[in-house]
1. Within the stretch 337-435, considering only strands (runs of 3 or more DSSP E) that don't extend past its boundaries, which have at least 2 residues that are open to solvent by 10 Å² or more (accessible area, probe 1.4 Å) and of a type outside the set (S, T, N, Q)?
2. Report, by residue number, each residue of the stretch 230-274 that is surrounded by 15 or more Cβ atoms within 10 Å (Cβ to Cβ) and at pLDDT below 75.
3. Output yes when any residue across the stretch 57-75 is farther than 28 Å from ARG163 by Cβ and outside any loop (DSSP other than H, G, I, E, B), and no when none is.
4. Please find, within the stretch 173-212, the residue that is most open to solvent (accessible area, probe 1.4 Å) out of those that are among the aromatic types (Phe, Trp, Tyr) and outside any helix (DSSP H, G or I).
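The values are calculated or read from the model by the stated rules, or taken from the named source; none is laboratory data. Keep in mind the model is a prediction, meaning the values are calculated, not measured. Here the Cβ positions follow ideal geometry from the backbone for every residue, glycine too, while neighbour counts run over all protein chains shown. Protein only, heavy atoms only, side chains kept; ligands, DNA and RNA dropped before computing areas. Shrake-Rupley method; radii C 1.70, N 1.55, O 1.52, S 1.80 Å.
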Amino acid sequence: MKRVVQGTAMGEILQYNPVAIVHPPTVTCRFHSPFSPMTVMDSLSMAVVKRATELEQMGEVLIIGEQLRLRLHEEKIIKDRRHHLRTYPNCFVAREVIDWLIERKEASDRTIAIELMQKMIDTNIIHHVCDEFKDFKDAKLFYRFRKDDGTFPLDQEVKVFMRGQRLYEKIMNSDNSLLQAREEDGVSYERTFVASQIIDWLIQEQEAKTRSEAEQLCRRLLEHAVIQHVLGKHHFVDGKLLYQFRLNFRRRRRVMELLIKRPQAVVESQDSPFCLRKQSDKSTSFLSVSPGSEVKAGAAIRRSSMSSSTSSGYFSSSPTLSNSPPVVLCNPKSVLKRPVTLDELLAPGAPYTRKTLTIVSDAVGWGFVVRGSKPCHIQAVDPSGPAASAGMKIRQFVVSVNGLNVLHCEFRAVSNLILTGPRTIVMEVMEEINP
């Protein structure tokens, strides 16, 4: 697509190099090239708008392809296969995927399924394992996702898109007030950020060294359809204008959307890669699993801002309840019965036992929420998610992630470590004996 996307997200960490992009000096005129700076009063040029629309469609295809890849891995459709005494790693059989798409109602018939997979060939997401066929055939032929064999083309557009996705995940998993409901020209917009504030944030998070560098990065993100001005009028300018993320990277896509020329207006979901998934279309309760396997449910009224509170709130909405206000999925209070210090946790003879969990994310994420600081703890676990299957429970304390000790870290650092890591994570946790 960096993804907890859960992340998301295509997965690599790609650094944007603003030095390689040379901008002409700011001018005041009516027409601009796609990469020329503009003053606050200038409107977006038609070239920028047209290019951004094209790149938005490309971004949707990348997200759909990555979500499908993770789902096929999860259901063991993708695996090592042998043919004529040769092993082909991480591939799938074309006919099996067509059956799978129809069974999951991702395609109405085999003709549509073939068309969907052909779209992925045309956009360099999948290919025949030997590159013998340029067409997707309903046969016992092996195909593979280019991301699984390292042949995925990382051109400049894809790199900027993936950088934008990583920043999106980083912001969504931080407890700052960067994204809020704000007004511009008398109209209220949800989940907006002020240009000058996101530049401050980029510098604070060491994503950029100077304000000029941060502004150039945001311009590239706007030109590549990652962010947009709330009214679609202005290019990115370091000031008080309001902007939004143009794409919701975490929304679960249908493969059928590949055949839609323009992205459909959909009800966005702010579900986190760590956030608990809804058990049904009509369920909007936050579910957590206690060590005794007791399932607790709770709900809260939607807040005006998704990030103005330090509680672990996540926004979600259901298509079947589109006329009703979305509900906040949250666990506002810590699930810990009492605060536990690091010294108490590591004291000789302390009533805690260590466990090692290996968790492989699915198309939604890992299915757990991390909260707290020094040490962090597991705040919630999706009963049907990968974390629960691996043995994760609430009130466990996080010791290490992929071999890195995180006992002295706060939950934001642990979340970012998971988001920026591989799809499979190995976590060492400590839980109380006979709580």
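1. Working: elements: 352-360, 368-372, 376-381, 397-401, 424-432.
The strands (runs of 3 or more DSSP E) meeting that bar are 352-360, 368-372, 424-432.
2. PRO263, GLU268, SER269, GLN270, ASP271, SER272, PRO273, PHE274
3. Just the residues of the stretch 57-75 that are farther than 28 Å from ARG163 by Cβ, to begin with: 75.
Of the ones still in play, those that are also outside any loop (DSSP other than H, G, I, E, B) are none.
No, every residue in the stretch 57-75 fails to be farther than 28 Å from ARG163 by Cβ and outside any loop (DSSP other than H, G, I, E, B).
4. We begin by selecting, within the stretch 173-212, every residue among the aromatic types (Phe, Trp, Tyr); these are 189, 193, 201.
Those left that are additionally outside any helix (DSSP H, G or I): 189, 193.
Details: TYR189: 38, PHE193: 0 Å².
Per the criteria, the residue is TYR189.
Condition check ((1) more than 28 Å from the chain's Cα centre (by Cα); (2) at positive phi; (3) of a type in the set (Phe, Trp, Tyr); (4) open to solvent by 10 Å² or more (accessible area, probe 1.4 Å)) across all residues:
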residue: ILE77; (1), (2), (3), (4): no, no, no, yes
residue: TYR88; (1), (2), (3), (4): yes, no, yes, yes
residue: ALA94; (1), (2), (3), (4): no, no, no, no
residue: ILE112; (1), (2), (3), (4): no, no, no, yes
residue: LYS119; (1), (2), (3), (4): no, no, no, yes
residue: CYS130; (1), (2), (3), (4): yes, no, no, yes
residue: PHE133; (1), (2), (3), (4): yes, no, yes, yes
residue: LYS140; (1), (2), (3), (4): yes, no, no, yes
